[in-house]
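This report concerns only the one structure given below.
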Amino acid sequence: MFEGLSEKLQATFKRLKGKGKLTEADVNEAMREVRVALLEADVNFKVVKDLIAKIKERAVGQEVLESLTPGQHVIKIVNEEMVAMMGGSESKLAISSKPPTVVMLVGLQGAGKTTHGAKLANMLKKQGKHPLLVACDIYRPAAIKQLQVLGEQIKVPVFSLGQENPVKIAGESLDYAGKNGHDTVIIDTAGRLHINEELMGELEDIKAVVQPHEILLVVDAMTGQDAVNVAETFNSKLALSGVILSKLDGDTRGGAAISVRSVTGCPIKYAGVGEKMDALEVFYPDRMVSRILGMGDVLTLIEKAQNAFDDKKAKELEEKIRKQELTLDDFLDQINQLRKMGSLSSVLEMIPGIGKQLKDVQIDDKEFARVEAMIQSMTVEERTRPAVIKDSRKKRIARGSGTSVQDVGKLIKQYEQTKKMMKQMSGLPGMGGPPKSGK
Ligand code: GDP
Ligand code: MG
């Protein structure tokens, strides 16, 4: 999902990162690209307009344009605003203090209500709850049977009164749940191909009788802009408490579905990612955006790096990396900085393509002390130009630091590898970045 959007935004980000300084025109151009990418992904135009305005307002500020890594700042802002657009943090299911918690699933025909009712029951059961599924779709042929089959599969009982009036079924299911120790009641309702008065009337009646703690709209991520209209209508009639996005596993542009949150203000609580009973995920806006932006752990890394490196040091280091003048003194300094960020290997693991390569550059605390001793046993010349350290010098350094010639050899190898790594890292935002002009 979101492949097209992902690809486009990543291309834009790459161009942003490639610039040392950003002008307002650069930001505008990048925002134009982001806008087009979102519209092509079928995100609602009003939502896009809003989002771009918010990003722009923050991104053309002095602070960003004059920052050390302006491209990175802009990317961070895009990331933050997209997460906000999708609802910020995840929304948990409301749990009633007085059981049973009643969850009503609504939506158009084929959206995935029945499937997701069962998936949700399955998830809750695994969390130790005792859910009851209720068959209130009496219209579609075999709808009851479908729910019963799924219920059997996940070993969750299904309450059904056949073709009885759905309002009555819903009401009686609560009594049944009370008597049989079910703490959660999930009501599967009927859908229609299109919104109609009769359907809405029935849903309002069921709502009035069961007074649900959650009314979740199931929205098929494959439907285009209509998803937004559907959500608006259901929300105005029923006051939804949340949304389940179904079929996110499919080949979908998905933008319409993610617009639903912005347009209705209803949080997306779950995402359906397949037909199987375990194909249900709690919806995490931040993870979804990371996935779309393809940032993965790099974002976490940027944050860690920002916390650990003080600006002046970072700037000096950048300069050295750029000129590839890294000395052993810098190397020592560098290890110290990285140690502040956590273990060196855990930091390196977060950098795509680098972790693997540097398996043998593992420097733990004990080793660090030895590294420090070895470097302190070197002459200034040796520290600045480690290439001059041949066998006899290695022997002297080993003696001076109480280590072995092999240790000294290993250190020099690590230093060479780090130098190579620095070159690679200099392509990453916040880790040196590309050569800066001016300033
Ligand atoms: P309802 O009419 O709203 O109750 O929709 P159903 O639950 O009967 O689902 C309609 C069809 O969509 C069924 O064939 C489901 O297997 C399929 N479906 C539901 N959710 C998902 C999903 O997350 N991913 C995929 N690939 N298919 C789904
Ligand atoms: Mg159904």
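Could you sort 260-273, 100-113 so that the peptide with the highest average Cβ count within 10 Å comes first and the rest follow in order? Show your work: numbers first, answer last.
Numbers: 260-273: 21.3, 100-113: 23.6.
Ranked by mean Cβ neighbours within 10 Å, highest first: 100-113, 260-273.
Which length gain, in nm to one decimal place, applies between K126 and S96 when the Cα-Cα distance is subtracted from 0.36 nm times their residue separation?
Values: separation 30, 0.36 × 30 = 10.80 nm, distance 1.85 nm.
This chain segment gains 8.9 nm when fully extended.
Can you work out D for region 73-184 in µm² s⁻¹ from Stokes-Einstein, where Rh is the Kirkwood radius over C-alpha pairs, the temperature is 20 °C and the viscosity is 1.002 mPa s?
Numbers: Rh = 15.8 Å.
Answer from the Stokes-Einstein relation: 136 µm²/s.
Which order results if S236, S6 are arranged by neighbouring Cβ count within 10 Å, fewest first?
Numbers: S236 11, S6 16.
Ordered by Cβ neighbours within 10 Å, fewest first: S236, S6.
Which whole-number percent is the relative contact order of region 101-288 (Cα, under 8 Å, 6+ apart)? Mind showing how you got there, number by number?
On the way: 385 pairs, mean separation 48.1, N = 188.
Answer for region 101-288 is 26 percent.
Listed here are the pairs K394/K420; K119/K207; K155/K276; K125/K155; K76/K420; K113/K207; which of them are more than 19 Å apart at the Cα? Please report the intermediate quantities before stating the final value.
Details: K394/K420 22 Å; K119/K207 22 Å; K155/K276 14 Å; K125/K155 9 Å; K76/K420 27 Å; K113/K207 16 Å.
Result: K394/K420; K119/K207; K76/K420 exceed 19 Å.
Counting just the Cα atoms, what span does region 27-122 cover along each of its three principal axes? Round to the nearest Å and put the largest first.
Over region 27-122, Cα extents along the principal axes are 56, 32, 20 Å.
Which residues does a label at Q211 reach in region 92-121, if reach means a backbone N under 20 Å from a point 7 Å past the Cα toward the Cβ?
Label zone hits: 94-105.
Quick note: the coordinates plus some simple rules give every number you see, no bench work behind them. As the structure is a computational prediction, the values presented were derived from the model and not from experiment. Cβ sites come from the backbone with ideal geometry, for glycine too, and all protein chains shown count toward neighbours.
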